Amino acid sequence: MLRQLARLTRPIPAAGGDALAIAVYGDGGGAHIVAKESGFEGVACVDDAARLLDVLCDVWARTKQPWAERWARGVLEFVLWMQEPDGRWINFVYDWDGTRNLHGITSATGESFWHARALVGVSHAWLTFADERARDAVLSGLDHAVSKPAPADVRALHILTARRLIADAGVTSLRPAMLGWVQELAACRDGDVLKNNDEETGPPHLWAHIQEGVLAWSSTLLDEPGLVDVAARSAEALVVPAVDARFAATSTSPYDVASCIYSLDRLSEATGEQRWAALASDARAWFNGRNAAAAPVYDRRRGRVADGIDEGRVSENSGAESNIVAAEALLDDALDVARALEDPFARPPVDLPEPG
């Protein structure tokens with residue numbers, strides 16, 4: 001995870017002398033791949049950088065590894081540089097010279113995943129490093145989150161930022177907005193199942209679907225115990241069957257699985273029920289072979305997480321998102337790696353020896 005993320009990280013001098021960004025995709029050998037899912041998108045994006053920043057803040061806070069702080073601060077420089085003066089974020093750069101993709105559908109400013117994820121990552125950096133630029137960026141970006149509508153899966157990320165700022169920074173002025181947002185999430189459902197947006201039909205996709213966990217995590221802070229019931233009923237209908245089936249869908253990504261783990265962990269914390277913790281453990285086992293391929297998705301020797309399973313086969317590729325969300329879901333493993341890892345930028349990470 002961390003070793004592959006280091007392999008994918010590169011300087012981006014246009015954003016500052018210490019700025020770092022992460023290549024979106026990588027192949028099995030560590031080579032970078034350009035994002036082309038919606039035409040030519042670019043080589044690196046805020047969406048991934050902000051999530052990496054969130055992880056690195058945790059890694060540094062718990063290990064105090066100097067390289068983790070430098071890495072996090074370098075990524076922060078890139079994310080701050082990608083924010084427009086009006087507070088919104090551009091997502092992609094076309095190249096490592098820093099040419100910004102201003103108009104692509106997956107890159108232009110708006111009430112989007114990358115704006116919401118930037119708020120999550122930059123708010124964490126503000127509280128971790130006391131960087132006043134990060135504070136200003138978050139408060140400017142929040143103006144758009146508060147004043148504009150957003151689909152439930154994006155709104156869930158706004159709630160994560162609001163909860164962090166209320167609980168850890170005392171920004172209590174966000175409480176009314178957060179309360180309204182959790183009510184939006186709880187109302188966006190089909191029967192018991194929480195949806196990703198109002199237009200979604202059929203079973204919701206699991207990619208970035210963390211609404212159950214967000215509601216459960218918000219319940220105590222907002223003194224709204226009914227949110228846990230809403231979250232639990234949706235998890236029973238959507239998340240539990242996926243875990244029991246070993247995520248046997250034709251195609252499953254690490255983000256599908258990590259999203260379920262997030263919700264199960266939050267339900268375990270909110271209820272104290274061992275069953276949710278056991279389900280989270282079963283879901284984590286997907287990375288080690290409890291899956292449709294009956295093979296590990298996390299290659300511990302090479303320090304990389306594959307991009308998922310398609311039709312029973314583990315992908316040969318290993319990009320940013322897969323390794324970031326795996327580090328979130330397997331944080332204890334990531335911390336163990338971090339404690340043993342020499343500076344990955346002074347000495348490029350290598351594969352561990354074959355056992356035996």
Expected output for region 214-228 (first residue buried (at least 20 other Cβ atoms within 10 Å of the Cβ), partner of a type outside the set (Val, Ile, Thr) and not in a helix (DSSP H, G or I), Cβ below 9 Å, 6+ apart or cross-chain) is Leu215/Leu194; Leu215/Glu224; Ser218/Glu224; Ser219/Pro225
Here the residues within region 102-130 that are within 19 Å of Val171 (Cβ to Cβ), surrounded by fewer than 24 Cβ atoms within 10 Å (Cβ to Cβ) and either touching a Leu at 6+ places or on another chain (Cβ under 7 Å) or among the hydroxyl-bearing types (Ser, Thr, Tyr) (or both) are Val120, Thr128
(1) at pLDDT 95 or above; (2) part of a loop (DSSP other than H, G, I, E, B); (3) surrounded by 17 or more Cβ atoms within 10 Å (Cβ to Cβ) all hold for Pro349 apart from (1)
Counting only residues that are over 17 Å from the mean Cα position of the chain (by Cα) and either assigned to a helix (DSSP H, G or I) or touching a residue at least 12 places away in the same chain (Cβ under 8 Å) (or both), region 12-24 contains a total of 8
Every listed condition ((1) within 20 Å of the chain's Cα centre (by Cα); (2) surrounded by fewer than 17 Cβ atoms within 10 Å (Cβ to Cβ); (3) farther than 24 Å from Tyr298 by Cα) holds for Ser251 save (3)
Sole miss for Ala208 among (1) outside any helix (DSSP H, G or I); (2) free of Cβ contacts under 8 Å to residues at least 60 places away in the same chain; (3) surrounded by fewer than 23 Cβ atoms within 10 Å (Cβ to Cβ) is condition (2)
Selection from region 194-225 of residues β-branched (Val, Ile, Thr) and within 16 Å of the chain's Cα centre (by Cα) yields Ile210, Val214
Point to revise | Any chance Glu273 is surrounded by fewer than 20 Cβ atoms within 10 Å (Cβ to Cβ) and closer than 30 Å to Ala306 by Cβ | key: no
From the option list Ala285, Ala306, Ala320, single residue qualifying as surrounded by 12 or more Cβ atoms within 10 Å (Cβ to Cβ) and out of contact with any helix residue (DSSP H, G or I) (no Cβ under 7 Å at 6 or more places or on another chain) is Ala285
Only one of Ala125, Ala208, Ala152 is under 19 Å from Ser112 (Cα atoms), modelled with pLDDT of 95 or more and out of contact with any Ser or Thr (no Cβ under 8 Å at 6 or more places or on another chain), namely Ala152
Among (1) in contact with a Gly (Cβ under 9 Å, 6 or more places away or on another chain); (2) under 15 Å from Val43 (Cα atoms), Trp96 falls short only on (1)
Pro254 fails exactly one of (1) within 23 Å of Asp310 (Cβ to Cβ); (2) in contact with a Phe, Trp or Tyr (Cβ under 7 Å, 6 or more places away or on another chain), namely (2)
Scanning region 238-248 residue by residue, the ones that are crowded, with 17+ Cβ neighbours inside 10 Å and touching a Leu at 6+ places or on another chain (Cβ under 9 Å) total 6
Taking first residues from region 168-191 that are of a type in the set (Ser, Thr, Tyr) and second residues anywhere that are assigned to a helix (DSSP H, G or I), the pairs with Cβ under 8 Å that are 6 or more apart or on different chains are Thr172/Ile166
Heads up, the helices (runs of 4 or more DSSP H) in region 114-196 (entirely inside) with at least 3 residues that are within 30 Å of Pro66 (Cα to Cα) are 132-147, 152-169
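The values are calculated or read from the model by the stated rules, or taken from the named source; none is laboratory data. Please read all numbers here as calculations on a predicted model, not as lab measurements. Cβ coordinates were reconstructed from backbone atoms using ideal geometry, including for glycine residues, and neighbour counts include every protein chain displayed.
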